[in-house]
Amino acid sequence: MSSEPAAESPVTPSFEGRLKLHEFMFQDGTAPLGSSTNGAIRRSSRLTTPSAAGASRSLVLTPEVSTNRTLTLSKRKAVAGSGDISELGIASPASSPSPLKRQRSNGNGNGSGNNSSGSSPSRSGSLGRGRGRGKSGYAPPSTYAHLSQLPDAMAPNMLVLFVGLNPGIETARQQHAYAHPSNLFWKLLASSGVTPRLCAASEDRSMPRLYGLGLTNIVSRPSRNGAELSKAEMDAGVCVLEEKARRWRPEVVCVVGKGIWESVWRVRHGRPIGKADFKYGWQDEAENMGVVGEAGQKDEEKEDGVEYRDDWKGARVFVATSTSGLAATLRPAEKEVIWRELGEWVETRRKEKTAAVTSSS
């Protein structure tokens with residue numbers, strides 16, 4: 001009786017066999033099957049590259065992307081023609097505008113939202129309306145020809161005739177003197193005592209009748225600021241101021257701002273004013289405005305109700321600070337001191353006139 005062959009026992013895999021498992025794993029096309037690099041297991045780069053937190057489902061190109069994905073994207077670019085994948089509906093994180101930029105690009109509703117370069121403004125350039133605006137230079141009258149000039153407010157027997165630079169844009173729009181909210185003119189009139197109460201810009205036409213205060217400007221045309229005016233037109237306004245002072249004969253001409261007085265000085269003396277020549281407050285009698293020459297007062301320079309005395313020596317000149325919100329050379333307290341000097345004179349002169357009327361009645 002022959003014996004049956006014994007059943008073969010299963011072969012236990014050797015340790016070397018386990019090490020060869022890497023031959024059946026996914027390999028990059030750069031290395032042949034069966035080979036390894038330093039014995040390290042190669043993994044898909046797409047699985048090992050972490051995605052950015054909060055990133056959108058956008059296509060992000062990295063050097064590790066497989067060859068077939070790169071070729072597909074190249075074909076899409078060729079179809080687009082311009083090389084901008086956004087035209088294919090694929091958003092790129094670097095090119096997609098932020099919500100802020102997208103809102104800004106729609107314009108701001110006043111016709112000034114266009115960008116000269118045609119590109120979207122940066123975040124820093126979009127915030128702040130005035131930020132990034134360069135220094136303004138001369139602007140011809142045609143720039144603001146759509147804005148009306150501001151009429152003077154004058155009458156006989158004025159205590160003070162205030163001379164401003166020129167109407168600002170807001171003043172021209174509202175047709176009331178010193179109408180911009182940042183202008184301190186009306187506040188300084190009240191705090192200095194020139195007016196017994198705080199008046200509104202809408203009361204400018206009533207100032208001669210109410211308090212004997214007149215309003216005019218050295219330049220009549222509107223502009224955004226004084227830098228848009230030329231020295232020539234400011235110098236030309238000096239002769240007009242002299243004629244107004246002769247015609248209306250106010251007791252005092254108050255120049256509201258150093259720049260205005262510099263023009264008056266330049267025309268009178270033929271040179272720029274020096275530091276030693278300038279001072280705020282009352283000026284010397286030789287600087288009075290509206291002095292009548294040897295030829296006397298012309299008939300065309302006379303107004304009804306004005307007393308034209310032969311001994312009139314012109315209106316005294318008081319140089320006050322600018323009331324513009326942009327004028328920051330002097331502190332508010334320093335401006336108050338200068339204006340208070342004029343206010344004290346006005347208060348005293350009002351009492352004298354009131355007493356004279358009372359005694360004559």
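The values are calculated or read from the model by the stated rules, or taken from the named source; none is laboratory data. Computed from a prediction, not measured in an experiment: that's the story for all the values here. Backbone-built Cβ (ideal geometry, glycine too); neighbour counts: all protein chains shown.
Key figures for this structure:
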item	result
Qualifying residue in region 330-348 (condition: at pLDDT below 95, out of contact with any strand residue (DSSP E or B) (no Cβ under 7 Å at 6 or more places or on another chain) and surrounded by 15 or more Cβ atoms within 10 Å (Cβ to Cβ))	yes
Residue that is nearest to Leu147 (Cα to Cα) [pool: residues in region 172-206 that are in contact with a Leu (Cβ under 6 Å, 6 or more places away or on another chain) and surrounded by fewer than 21 Cβ atoms within 10 Å (Cβ to Cβ)]	Ala172
Qualifying residue in region 282-294 (condition: surrounded by fewer than 16 Cβ atoms within 10 Å (Cβ to Cβ), closer than 17 Å to Phe162 by Cβ and in contact with a strand residue (DSSP E or B) (Cβ under 7 Å, 6 or more places away or on another chain))	yes
Residue in region 197-206 that is within 15 Å of Ala153 (Cα to Cα), in contact with a Cys (Cβ under 9 Å, 6 or more places away or on another chain) and polar (S, T, N, Q) present	yes
Selected residue [modelled with pLDDT under 95, on the phi > 0 side of the Ramachandran plot and out of contact with any helix residue (DSSP H, G or I) (no Cβ under 9 Å at 6 or more places or on another chain)] from Gly296, Gly325	Gly296
Odd one out for Ala190 among (1) touching a Cys at 6+ places or on another chain (Cβ under 9 Å); (2) part of a strand (DSSP E or B)	(2)
Single residue of region 160-180 satisfying the filter (assigned to a loop (DSSP other than H, G, I, E, B), touching a residue at least 24 places away in the same chain (Cβ under 8 Å) and in contact with a helix residue (DSSP H, G or I) (Cβ under 8 Å, 6 or more places away or on another chain)) that is nearest to Val319 (Cα to Cα)	Leu165
Residue match in region 132-141 (condition: touching a Gly at 6+ places or on another chain (Cβ under 9 Å), within 26 Å of Gly237 (Cβ to Cβ) and either at pLDDT 95 or above or among the basic types (Lys, Arg) (or both))	no
Gly214 being of a type in the set (Gly, Ala, Ser), surrounded by 14 or more Cβ atoms within 10 Å (Cβ to Cβ) and in a helix (DSSP H, G or I)	no
Some residue of region 198-209 being under 19 Å from Leu165 (Cβ atoms), at pLDDT 95 or above, within 28 Å of the chain's Cα centre (by Cα) and among the polar types (S, T, N, Q)	no
Test: residue in region 258-270 that is closer than 24 Å to Ala153 by Cβ and touching a His at 6+ places or on another chain (Cβ under 7 Å)	no
Count - residues of region 137-174 that are within 16 Å of Ser202 (Cα to Cα), under 22 Å from the mean Cα position of the chain (by Cα) and of a type outside the set (Val, Ile, Thr)	6
Evaluation of Lys313 against (1) under 22 Å from Trp265 (Cα atoms); (2) surrounded by fewer than 16 Cβ atoms within 10 Å (Cβ to Cβ); (3) among the charged types (D, E, K, R); (4) in contact with a Phe, Trp or Tyr (Cβ under 9 Å, 6 or more places away or on another chain) (one fails), failing number	(4)
Any hit, region 251-262, residues being among the basic types (Lys, Arg) and part of a helix (DSSP H, G or I)	yes
Tally of residues being under 31 Å from the mean Cα position of the chain (by Cα) and more than 16 Å from Ala190 (Cβ to Cβ) across region 334-361	1
Residues of region 264-306 that turn out to be in contact (Cβ under 8 Å) with a residue 60 or more places away in the chain and more than 35 Å from the chain's Cα centre (by Cα), as a count	4
